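Written out below as structure tokens is the structure these notes cover.
No lab work stands behind these numbers, since they all come straight from the coordinates. Note that the structure is predicted; figures quoted are calculated from it, not measured. Because the Cβ atoms are built from the backbone with ideal geometry, glycine has one as well, and the counts that use them run over all protein chains shown.
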Amino acid sequence: QRILLTGANGFLGTHILAELLKAGFSVRSVVRSQSKADQLSRIFPTYASKMDFGIVPDMTIPGAFNQVVQANPPFTTVLHQASPFFFASISKNEDFLLPAIEGTTNLLKAVKEHAPEVKRVIYTSSCAAVLNFEAPIGTNPQKVYTDSDWNPVTYTQAIEGNKAIAYRASKKFAELAGWNFIQEEKPNFDFVSINPPMIYGPMHSPAATVAEINESNVRIYNNFINSTTDAELPPGGVHMYVDVRDLATAHVRAVTTKEAGSERIIVSSKAISSQEISDLLRSNFPELDKRTPVGKPGTISLPEGAYTVSNEKAKRMLGLTFRSDEECFVELGKQLLEIEKGS
Ligand code: NDP
């Protein structure tokens with residue numbers, strides 16, 4: 001089977017690419033520049049015969065994907081997860097919204113018109129498209145979000161709100177564009193949406209400097225490593241998370257699992273509070289003794305009845321199991337400290 005993967009050089013993308021290659025697939029990686037393609041070739045030297053590249057510098061341009069979706073032998077599955085998430089490189093809200101939404105629509109159009117053998121398009125959405133961020137975090141009874149929930153944010157709020165609102169809305173409206181395309185255009189392929197919460201865990205190929213660490217992991221670095229013992233632990237928001245390696249497995253299983261077709265699948269491990277992350281890092285890295293916020297060790301810093309998301313479908317349909325908190329945060333912590341030393 002040949003697979004097209006957008007955003008292959010990103011934090012999640014590189015892990016997905018590694019898993020696909022290991023599973024024997026032949027993969028065309030779509031990236032924004034030749035230097036990013038060369039970087040991937042260097043990371044996976046033993047898979048040269050199973051890899052090629054498509055360069056799409058700007059996915060908002062109509063027809064941007066028309067060439068790269070064509071191949072001989074043809075693609076049977078497309079994985080689309082290129083989307084802006086690195087806040088530091090965003091100057092206005094449209095920088096999140098337009099590439100996410102138009103990128104998805106342009107890709108789906110290209111597949112329909114130029115890649116008739118494609119049977120499935122898998123879109124990496126987010127729990128940002130599921131959760132209501134205006135609702136209280138803790139309730140009685142506890143709120144358990146499922147795949148039938150949608151973030152109620154409107155497009156006007158996304159344009160007028162802060163960057164976080166714009167990012168979350170970009171994921172909602174891009175995913176919706178996918179479902180609407182299927183309904184209106186009735187293409188030959190089915191659509192699958194994978195909705196992860198925050199993604200943490202070691203980078204497949206560690207960033208060279210702190211400035212290049214991806215958005216979710218750099219928040220761990222800033223809040224828990226590059227901090228002080230008496231700093232406030234990051235409060236609000238529930239750290240619902242998934243390890244990047246488990247999420248990469250979920251994407252590969254979504255390629256091969258027939259019943260995943262037309263499903264919206266939340267792929268989340270569990271909630272972890274800031275306090276628990278702090279305790280894990282402090283107990284595993286003596287050098288963090290004077291840096292990581294102490295808080296109230298041994299407690300759980302989440303409000304009572306804090307919402308959660310259901311991972312029932314991911315376990316049932318994709319047969320997923322999840323790595324432990326230790327595996328995720330200790331391996332990540334070790335890597336972040338090494339990157340810091342080399343920076
Ligand atoms: P990264 O920033 O590491 O990777 C994002 C990928 O998308 C890169 O390949 C990047 O290319 C590409 N990209 C970014 N902006 C654009 C753009 N304007 N046009 C074309 N390509 C672009 O992010 P992650 O790996 O963390 O995210 C991967 C996917 O997972 C995204 O869809 C994200 O929304 C989703 N997600 C991430 C979560 C997380 O906690 N990390 C949580 C939930 C969902 P380049 O290197 O050229 O910038």
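If the cut-off is a Cα-Cα distance under 14 Å, which aspartates and glutamates reach residue 186, setting aside same-chain residues fewer than 8 apart in sequence?
113
Normalised by the number of residues in segment 264-343, what is the relative contact order in percent for Cα pairs under 8 Å and 6+ residues apart?
Reported relative contact order: 39 percent.
To check you understand DSSP bridge types, tell me what percent of the beta bridges within the chain (both residues inside) are antiparallel, rounded to 5. Working shown, then result.
Working: 4 of 35 bridges.
Given both bridge residues lie in the chain, the antiparallel proportion sits at roughly 10 percent.
Taking the Cα centre of the chain as origin, work out the dipole magnitude from +1 charges on Lys and Arg Cβ and -1 charges on Asp and Glu Cβ, in debye rounded to 20. Write out the running numbers ahead of the final one.
Details: 34 positive and 37 negative charges, 144 e Å.
Result for the chain is approximately 680 debye, rounded to the nearest 20.
What whole number of Å gives the distance from the Cα centroid of segment 71-149 to the Cα centroid of segment 181-222?
Taking the Cα centre of each part, segment 181-222 and segment 71-149 sit 9 Å apart.
So if each residue of separation counts as 0.36 nm, and I subtract the Cα-Cα distance between residue 270 and residue 157, what length gain in nm does that give? Present the calculation step by step, with values, prior to reporting the outcome.
Details: separation 113, 0.36 × 113 = 40.68 nm, distance 2.90 nm.
Additional length available on full extension: 37.8 nm.
Can you tell me the orientation of helix 34-43 relative to the chain, as the angle in degrees between its alpha-carbon axis and the longest Cα principal axis, to the nearest 10?
Helix 34-43 and the main axis of the chain meet at about 70 degrees.
I'd like the distance between the alpha-carbon centres of segment 251-320 and segment 1-68, rounded to an integer number of Å.
Centre-to-centre distance over Cα atoms comes out at 28 Å.
Starting from 0 in steps of 10 Å, tell me what percent of the Cα-Cα pairs of the chain lands in each bin.
That works out to 5, 25, 35, 25, 9, 1, in percent per bin.
Run lengths n ≥ 4 of DSSP H only: what is the helix-derived mean residue ellipticity at 222 nm for the chain, with -39500 (n - 2.57) per run over all residues, to the nearest 500? Please report the intermediate quantities before stating the final value.
Working: 10 runs with 127 residues, N = 343.
Helix contribution divided over all residues of the chain: -11500 deg cm²/dmol.
May I have the extent of the alpha carbons of segment 34-135 along their three principal axes, as whole Å values ordered from largest to smallest?
Between the extreme Cα coordinates on each principal axis of segment 34-135 lie 49, 32, 25 Å.
For the Cα atoms of the chain, what angle does the longest principal axis make with the long axis of helix 244-256, in degrees from 0 to 90, nearest 10?
So the helix axis and the longest Cα principal axis differ by about 30 degrees.
Pull up all non-local amide H partners of residue 269: gap of 5 or more, or a different chain, and H-to-H distance under 5 Å with H placed in the peptide plane.
Residues meeting the amide H criterion: 241, 242, 243.
Using 0.36 nm times the number of residues separating residue 146 and residue 291, minus their current alpha carbon distance, what extension gain do you get? Intermediate results must be reported in sequence, preceding the final value.
Numbers: separation 145, 0.36 × 145 = 52.20 nm, distance 3.73 nm.
Result for the pair: 48.5 nm of gain on full extension.
Per residue, what volume in Å³ does the Cα convex hull of segment 252-309 take up?
Values: hull volume 7.4 nm³, N = 58.
So the per-residue hull volume is 128 Å³.
Taking 20 Å as the cut-off for C-alpha to C-alpha distance, list the pairs among 92/172; 143/270; 143/313; 290/334; 163/270; 119/315 that go past it.
163/270; 119/315
Can you find, among 155, 44, 10, the residue sitting farthest towards the positive end of the charge dipole of segment 2-342, where Lys and Arg contribute +1 and Asp and Glu -1 at Cβ?
With unit charges placed on the Cβ atoms, the residue in question is 44.
Tilt of helix 325-342 relative to the longest C-alpha principal axis of the chain, in degrees (0 to 90, nearest 10)?
With rounding to tens, the tilt is 90 degrees.
Percent relative contact order of the chain, based on C-alpha pairs within less than 8 angstrom and at least six residues apart? Display every interim value, and only then the final one.
Working: 643 pairs, mean separation 62.5, N = 343.
Relative contact order, the chain: 18 percent.
Provide the gained length on full extension for the span residue 139 to residue 114, in nm with one decimal, where the gain is 0.36 nm per separating residue minus the Cα-Cα distance.
Working: separation 25, 0.36 × 25 = 9.00 nm, distance 4.87 nm.
Residue separation times 0.36 nm, minus the Cα-Cα distance, leaves 4.1 nm.
Exposed loop sites here are GluC sites (Glu not before Pro) in DSSP loop states with at most 11 other C-beta atoms within 10 Å. What is the longest stretch of the chain lacking them?
That would be 1-133.
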